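These notes are about the structure you will find just below.
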Amino acid sequence: MTSYFSIEEIQGQEFALRYAQYYSLYPNRIPHLLIFHGPRGTGKYSLAERLAYKLLCFEKRGCGVCDSCKLFFHYSHPDYIVFPEDKPIAIGEEDDPPEFTVRWLLFKVLLYKPHTSNLRIIIFPDASILGQEAETALLKTLEEPPSHTKFFMIVDDLKKLKQTIISRGVCIPFNHLPISIAHNVSKEKDIYYKSFFGGSFAPTNVPSSVTELLIQKVDMGLENPISLIELENWVRGYKDLHPEWKEDFQYSEFLVFPF
């Protein structure tokens, strides 16, 4: 398992890969904040995760056998903190702030040295859900964080972050994958992919099973505007039965896909 978990697995993102390779070779040169930005489903989190794994490794190479690597793959590494991406990130109360709030991070985590590795990696899989107060509270820490802590922020659009946040980090851009590479990755990793996804493995928040159903309905024919309205109503009704769909799902964006 671990022998395949490397940054070199990321395909079609040569520019971003060069950044990761450089920082993995020279960890002392990693800035306080790395911002991975670009279209959803193009490898941002996968690269950030693999880079963190390699940096936390005692051998600094992702050996797969040291205690750090073992903890990483058991999702229990105390120095690898991944914030949730399914709810807004709040600043938290001043007294006893809840876990995965900014004040919890500042007062309960960053005040202490890493437990296992020489570094601590903090990942925000979707930095766009940082609340305004939370984002503001992070500014000073991002400017002068503890030397042993590095922040990785992931966002699909830089405009969703404050300029004051962006100015404190190094931005690593991602692009849509070439269709040929996307198909190769799909076969190698057994990941669901269709050509109309446009070089992204997550072009919408819709499960692949629903996409297949929609393709079938489109193949049956959209003869007039009423057919499109009926299709949209079907999608809305289907979502009502599946609360696991993300709340920010945009019907209009989904329905303009070139099925």
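A few notes on this one:
- If you run the Gaussian network model on the chain, springs between alpha carbon atoms under 10 Å, then out of GLN216, GLN21, GLN11 the most flexible one is GLN216.
- Across region 83-207 the C-alpha pair distances fall into 5 Å bins from zero in the proportions 2, 9, 16, 18, 16, 12, 10, 10, 5, 1, 0 percent.
- Cα-based helix-to-principal-axis angle, 44-56 vs the chain, degrees rounded to 10: 20 degrees
- With semi-axes defined as the square roots of five times the eigenvalues of the C-alpha gyration tensor, the equivalent ellipsoid of the chain measures 36, 23, 16 Å, largest first.
- Semi-axis lengths, Å, region 25-160, gyration tensor of Cα atoms, sqrt of 5 times eigenvalues: 23, 18, 14
- FRET efficiency, ARG61 to PHE15 (Cβ-Cβ, R0 25 Å, nearest 0.05): 0.65
- The stretch between LYS187 and GLN163, if pulled fully straight at 0.36 nm per residue, gains 4.7 nm over its current Cα-Cα span.
- DSSP-assigned coil residues among chymotrypsin sites (Phe, Trp or Tyr not before Pro) in region 60-164, each with at most 12 further Cβ atoms within 10 Å: TYR75, TYR112
- Listed values for region 70-86 are Karplus-derived 3J(HN,Hα) couplings in whole Hz (6.51 cos²θ - 1.76 cosθ + 1.60, θ = phi - 60°), namely 5, 5, 4, 7, 9, 6, 9, 6, x, 9, 10, 10, 10, 6, x, 10, 10, and x replaces Gly and Pro.
- Chain lengthening between LYS194 and ASP86 when straightened (0.36 nm per residue, less Cα-Cα): 36.4 nm
- Region 47-88 - Debye-derived log10 I(q)/I(0), Cα point model, q = 0.16 Å⁻¹: -0.39
- Surface share of carbon and sulfur [accessible, 1.4 angstrom probe, percent] for the chain: 52 percent
- Positive-end extreme of charge dipole, the chain - chosen from LEU25, SER209, SER128 (charges on Cβ): LEU25
- Among GLY131, GLY199, GLY43, the residue with the largest mean-square fluctuation in a Gaussian network model of the chain, with springs joining Cα atoms closer than 10 Å, is GLY131.
- Neighbour count of at most 15 Cβ within 10 Å plus DSSP loop: longest GluC sites (Glu not before Pro)-free window in the chain: 100-222
The values are calculated or read from the model by the stated rules, or taken from the named source; none is laboratory data. Fair warning: this is a prediction, and the values are worked out from it, not measured in the lab. Quick reminder, even Gly has a Cβ in these numbers, built from the backbone with ideal geometry, and neighbours come from all protein chains shown. When the accessible area is computed, the model is the full protein with side chains, heavy atoms only, and any ligands, DNA or RNA have been set aside. Shrake-Rupley method; radii C 1.70, N 1.55, O 1.52, S 1.80 Å.
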